[in-house]
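First comes the structure, then the notes that go with it.
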Amino acid sequence: MNRSMKLRVLVVEDELLVRVGIKSSIDWEGNGFTLIGEAIDGMEALSLFRIHLPDIVLLDIRLPDISGLEVLKTIRLENPETKVIVISGLDDFETTRKAFQFGAHEYFHKPRIQSGDLLKLLNDIKAEMKDAPRPNTTEDQPPTVLEILRDALSFPLSKEASSKLSASIPARAYIVMMVSLTGLYERKMNRQFNEEITFNAAMNLIAELASRREEIEFFSSTPNEYFFLFRADDLETSLIKCAKNFYTALSNMLRRYIDVASHAGVSSIKYQYEDLQIAIFEAREANESYFILLEPFIKYVDRYTDSADSVEVARLIDVLIYTARRAQVDVHLQHMQKLVDFMRKKGNPSRKTLIHNSLTFIYLAGLNHKDGEGDGLRLDSCETLDQFLQCYTHILSGIARENNSILKNGLAKQIKDYLYVHYSDDISLQSLSEEFHLSKNYISRAFKAEEGTNLFTWLNMMRIEKSQQLLIRTTLRIYEIAEATGFASTVSFNYAFNRVVGMSPSQYREEHSLDT
């Protein structure tokens, strides 16, 4: 990829409204992207992918013809450099987990498409692709074993890289262990604590300890993610026991020299370096299980959620969405406690899924992305479920106080009175901000808190009602009614009217005429 060019993006989504939301939520060209196409099913997606070779694919995990997971696997096989962002619903935990195992870069929840999070995610990918070292090197400077291992944290291994690992560090079997420091959540409350110095000291100590062991390869590219490859020349060697003994020595060293605790996750045993990325994924997932299990050394277990568990999680998520949208904070937090209790019992959903969903709940409850930008960082720094629940409760309680303050002002009635007169104008949050001398964010939250619905959803319904009256009482043409009721075009008017009323404007007029 020529990194000075605009990144090419392909959208794969079968729902029209979601596709429209994705396309309209971002100034693609202005932000350094080119939207090269959109597909409504898996076969069309693969066809467009092979023609354009996009840098980024926004992929709906549920497609009408073939599974999004199959599309994902094909993309990763044919062009590993393409970053795939999986678009999923809130209840599809098992499929999302598999998507990460198959090489998805990230996943994104449909309800947050309009929140600004999508652009931030795309910009993060753009920065990463610009700054990341290329996995391919020149023949004069072949990649070292350490470089290959580090690349495997982000890129699928090529056949050449796998062959080099087999030749350089031969093994009949191997496992991957990931170690992270813990206990940092409380230390961050102390202003004198320097996280960067702690991570650097840990890196140096771990590298020194690992260098003394010939059967261990140590590699890392991200702070607080320390990876080790343990290999064995025969199948009789207990790799798990070797990893646990090494972790015990490492843990004691970290406590002694920099006074920090740690936890480790270990993959299942692998026999070919082609499976290295799967081993890394398993080690990460096992390491992340500390969040729920609070055990310092955890072996990977492939947890399959049975149908009853999936139904219960989906039910809890539905209630959490419902209560968040209506800012019913007390009831919402009661059900979040139930979800946390379920996680302790079943181990699902994962930490990452919980935090992603929680940010969506926060957005639905009243805070937009800009106002809640620090919430993601605070939640992501939580190391245990108890810390998460305490932090999340604090955030939601703040939303409740803010919404209660908004409700007392009666601002929504003033906005509605204004819109009843000016509904035919080009209404935007910016124009309302200028009219009422309030911030766009405050206006949006105030209306939602008082009316229980989005401002523009309400405005759209009111415009449809006005258009119905004009269709009945006048002989204005359809395009004239669209213009008179504030729709940007006849196409958008027809679509909105059909969506709400269940028939086209012309059909509505004709049927009413027949009735009279």
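The values are calculated or read from the model by the stated rules, or taken from the named source; none is laboratory data. Note that this is a predicted model, so its numbers are computed, not measured. Don't worry about glycine lacking a Cβ; one is built from the backbone with ideal geometry, like all the others, and counts go over all protein chains shown. Ligands, DNA and RNA are excluded from the accessible area calculation, which covers all protein heavy atoms including side chains. Shrake-Rupley method; radii C 1.70, N 1.55, O 1.52, S 1.80 Å.
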- [ ] Mind listing just one residue for me: the one in segment 231-274 that is among the acidic types (Asp, Glu) and either within 18 Å of Lys299 (Cβ to Cβ) or free of Cβ contacts under 8 Å to residues at least 12 places away in the same chain (or both) and, of those, least open to solvent (accessible area, probe 1.4 Å)?
- [x] Asp259
- [ ] Go through Ile399, Ile427, Ile481 for me and flag whichever is under 25 Å from Leu17 (Cβ atoms), assigned to a helix (DSSP H, G or I), open to solvent by less than 30 Å² (accessible area, probe 1.4 Å) and hydrophobic (A, V, I, L, M, F, W, C).
- [x] Ile481
Task: Filter result (in contact (Cβ under 8 Å) with a residue 40 or more places away in the chain and either basic (Lys, Arg) or exposed (fewer than 13 other Cβ atoms within 10 Å of the Cβ) (or both)) within segment 413-424 - done: Lys416, Tyr420
- [ ] Among the numbered conditions (1) over 14 Å from Ala99 (Cα atoms); (2) outside any loop (DSSP other than H, G, I, E, B), tell me where Glu70 comes up short.
- [x] (1)
Open item on the list: Quick test of your reading of the structure: Phe100 fulfils all but one of (1) modelled with pLDDT under 65; (2) not in a loop (DSSP other than H, G, I, E, B). Name the failing condition by number.
Closed with: (1)
Open item on the list: Show the residue pairs meeting these rules: Cβ distance below 6 Å; 6+ apart or different chains; first residue within segment 31-50 and part of a helix (DSSP H, G or I); second residue open to solvent by 60 Å² or more (accessible area, probe 1.4 Å).
Closed with: Gly42/Asp65; Met43/Asp65
TODO: Please indicate, with yes or no, whether at least one residue in segment 488-509 is open to solvent by less than 70 Å² (accessible area, probe 1.4 Å), among the aliphatic types (A, V, I, L, M) and modelled with pLDDT under 85.
DONE: no
TODO: Would you check if Tyr226 is aromatic (Phe, Trp, Tyr) and either farther than 23 Å from Leu377 by Cα or modelled with pLDDT under 90 (or both)?
DONE: no
TODO: Return a yes/no flag: does segment 212-230 have any residue that is open to solvent by 30 Å² or more (accessible area, probe 1.4 Å), without any contact (Cβ under 8 Å) to a residue 24 or more places away in the chain, touching a helix residue (DSSP H, G or I) at 6+ places or on another chain (Cβ under 9 Å) and not hydroxyl-bearing (Ser, Thr, Tyr).
DONE: yes
Task: Check on Val18, over 15 Å from the mean Cα position of the chain (by Cα), crowded, with 19+ Cβ neighbours inside 10 Å and not charged (D, E, K, R) - done: no
Task: Residues of segment 245-267 that turn out to be within 30 Å of Lys164 (Cβ to Cβ) and either out of contact with any strand residue (DSSP E or B) (no Cβ under 7 Å at 6 or more places or on another chain) or in a helix (DSSP H, G or I) (or both), as a count - done: 5
TODO: Find the residue count for segment 437-455, including only residues that are at pLDDT below 90, under 20 Å from Ala496 (Cβ atoms) and of a type in the set (A, V, I, L, M, F, W, C).
DONE: 1
- [ ] For segment 2-11, name all the residues that are touching a residue at least 60 places away in the same chain (Cβ under 8 Å) and surrounded by 15 or more Cβ atoms within 10 Å (Cβ to Cβ).
- [x] Leu7, Val9
Task: Residues of segment 179-202 satisfying the condition of being within 23 Å of Phe388 (Cα to Cα), of a type in the set (A, V, I, L, M) and open to solvent by less than 20 Å² (accessible area, probe 1.4 Å) - done: Val179, Leu181, Leu184
Open item on the list: Against the condition outside any loop (DSSP other than H, G, I, E, B), open to solvent by less than 70 Å² (accessible area, probe 1.4 Å), of a type in the set (A, V, I, L, M) and touching a Ser or Thr at 6+ places or on another chain (Cβ under 9 Å), how does Leu205 come out, does it pass?
Closed with: no
- [ ] Within segment 314-331, count every residue that is open to solvent by less than 30 Å² (accessible area, probe 1.4 Å) and either among the aliphatic types (A, V, I, L, M) or at pLDDT 95 or above (or both).
- [x] 7
Open item on the list: I'd like to verify a number: residues in segment 297-309 that are open to solvent by less than 70 Å² (accessible area, probe 1.4 Å) and either touching a helix residue (DSSP H, G or I) at 6+ places or on another chain (Cβ under 7 Å) or modelled with pLDDT of 90 or more (or both), how many?
Closed with: 5
Task: Residues located in segment 275-295, provided they are under 21 Å from Asn245 (Cβ atoms) and open to solvent by 70 Å² or more (accessible area, probe 1.4 Å) - done: Glu295
TODO: Output the residues belonging to segment 62-87 that are open to solvent by less than 10 Å² (accessible area, probe 1.4 Å) and of a type in the set (A, V, I, L, M, F, W, C).
DONE: Val71, Leu72, Ile75, Val84, Ile85, Val86, Ile87
- [ ] Could you check how many residues of segment 113-153 are at pLDDT 80 or above and either within 21 Å of Arg8 (Cα to Cα) or open to solvent by less than 60 Å² (accessible area, probe 1.4 Å) (or both)?
- [x] 18
